[in-house]
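Structure, as structure tokens:
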Amino acid sequence: MVRHEQSNDEHIVNSPNGFSIFCNITHAYDDVKIGVGARLNEVQNTKYSSGASNAMSGLKYSKEIRIDGETHKNSVALGDYVRAIWLTPSLDRLFTGPAADRRKFFDRFVTGFDPAHNARTARFEKAMRERNKLLEKNILDDVWLRGIEVQMAEQAVAIAAARREVALHLSALLSAGQKTAFPFARIVMQGDLEQMIGEKSAIEVEEYYLERLKNNRQFDQQSGRTQFGPHKSDLLAWHGAKNIEAKKCSTGEQKALLIALLLAHAKLVKQVAGDAILIMLLDEITAHLDATRRAALFEELGNLGAQLFMTGTDRSLFSALEKNSNIFEINDGLIVG
């Protein structure tokens, strides 16, 4: 967005100083005006090893969020008005890809349940980067390092506890929906801290993690990274009926398992979101689904009461929705039908 100097869309304001997007969220009782954008802080030239410079890479922006004219420092406040869930084709390879992708995917689920989760992970990662930098520069001041490690431990335990809670809620919803057209999925968030949360108090887990960080300083210094923590956890999933790991299932089964997780997550978000509007963005959602599962998907989505945006390259796959949906055809960036 910041790389576009102008826009013909009246809802988008672009300039070299940043950009902003405005929208109205219609609730049961009122309309809420929301603006999200990026404001330019400073400009500096960044030199590359090749000797070339890229002025755009030197632009520093900060996020801005306004709700009914009031400025908010982070996106947590948006959770009171809207919860967004999305699925893209890249997630079709979720179960066979790297653990980092599954962890990020599940953390999105947690944020949908608890909007403050995203801020926790950001604070943890910031503290972890600071600790890594101190170790890299061989600054081994115990007071300084412990202060950072206390921050890491507090956030790490909160992250692990939130993940575990959401995993338990989702497991219950998945079990309740075993007779749907989508396979019953079993999931678990695999991580030492997530496991310990179910066995020990939060204070005990914090103390354990603090001690582990202190003992691992030399090892982390040599490796150049923090080797233990919630940033190493992984989402594991199984096809419940067949008791097969999701990564060993067929492409179609993996897509069906992914949709089962998505639907369970949407139901969970609806339960906890209060008056917040649920918006779902589903790109190529019908890919790899037969006619029976497509029909079941549309029925399940219709029962959610969410605002749905579905995209695909084959219009015929959405023919069942012709009567109760707005269907747009886009060609070369323009709406043509």
**Item:** Count of residues meeting criterion [in contact (Cβ under 8 Å) with a residue 12 or more places away in the chain and not in a helix (DSSP H, G or I)] in segment 121-154
**Value:** 2
**Complete:** If we keep only residues of segment 89-120 that are among the hydroxyl-bearing types (Ser, Thr, Tyr) and without any contact (Cβ under 8 Å) to a residue 40 or more places away in the chain, then the residue farthest from ASP275 (Cα to Cα) is SER90
**Fill in**
Screening ALA266, ALA291, ALA260 for residues that are over 19 Å from PHE105 (Cβ atoms) and either assigned by TED's automatic domain parsing to the domain that holds ARG93 or of a type in the set (Val, Ile, Thr) (or both) leaves only ALA291
**Request:** Just one of (1) farther than 30 Å from ALA237 by Cα; (2) modelled with pLDDT of 60 or more; (3) outside any strand (DSSP E or B) trips up SER90, so point out which.
**Result:** (1)
**Request:** Could you grab me the full set of residues in segment 180-212 that are of a type in the set (Ser, Thr, Tyr) and touching a residue at least 40 places away in the same chain (Cβ under 8 Å)?
**Result:** THR180, TYR209
**Item:** Which listed residue, of LEU282, LEU278, is more than 25 Å from ILE197 (Cα to Cα), of a type in the set (A, V, I, L, M), surrounded by fewer than 21 Cβ atoms within 10 Å (Cβ to Cβ) and in contact with a Leu (Cβ under 6 Å, 6 or more places away or on another chain)
**Value:** LEU282
**Fill in**
Filtering segment 108-122 for residues that are over 10 Å from the mean Cα position of the chain (by Cα) and either of a type in the set (Ser, Thr, Tyr) or not assigned by TED's automatic domain parsing to the domain that holds VAL166 (or both) leaves a count of 1
**Item:** Hits in segment 317-327 - residues which are loosely packed, with under 10 Cβ neighbours inside 10 Å and either outside the structural domain of ALA273 (by TED's automatic domain parsing) or modelled with pLDDT of 90 or more (or both)
**Value:** ASN326
**Request:** Tell me which residues, restricted to segment 72-98, are closer than 19 Å to LEU262 by Cα and surrounded by 15 or more Cβ atoms within 10 Å (Cβ to Cβ).
**Result:** GLY79, VAL82, ARG83, ALA84, ILE85, LEU87, LEU91, ASP92, LEU94, PHE95
**Asked** In segment 1-41, how many are under 22 Å from ASN74 (Cβ atoms) and modelled with pLDDT of 60 or more?
**Response** 20
**Failed condition for ASN215, given (1) touching a residue at least 60 places away in the same chain (Cβ under 8 Å); (2) surrounded by fewer than 23 Cβ atoms within 10 Å (Cβ to Cβ)** = (1)
**Prompt:** How about segment 60-87: which of its residues are small (Gly, Ala, Ser), assigned to a strand (DSSP E or B) and within 22 Å of VAL32 (Cα to Cα)?
**Reply:** ALA84
**Request:** Within segment 119-131, identify whether any single residue is touching a Gly at 6+ places or on another chain (Cβ under 9 Å) and either of a type outside the set (Val, Ile, Thr) or under 30 Å from GLU300 (Cβ atoms) (or both), and answer yes or no.
**Result:** yes
**Item:** Residue that is surrounded by the fewest Cβ atoms within 10 Å (Cβ to Cβ) [pool: residues in segment 220-271 that are of a type in the set (Asp, Glu) and more than 27 Å from VAL157 (Cα to Cα)]
**Value:** GLU245
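For segment 287-298, indicate whether the set of residues that are in a strand (DSSP E or B), touching a residue at least 24 places away in the same chain (Cβ under 8 Å) and surrounded by 18 or more Cβ atoms within 10 Å (Cβ to Cβ) is non-empty.
Checked against the condition, which is being in a strand (DSSP E or B), touching a residue at least 24 places away in the same chain (Cβ under 8 Å) and surrounded by 18 or more Cβ atoms within 10 Å (Cβ to Cβ), segment 287-298 yields no hits at all.
The values are calculated or read from the model by the stated rules, or taken from the named source; none is laboratory data. Note that the structure is a prediction, hence the values are computed from the model and not measured. Please note: Cβ atoms are built from the backbone with ideal geometry, for glycine as well, and neighbour counts cover all protein chains shown.
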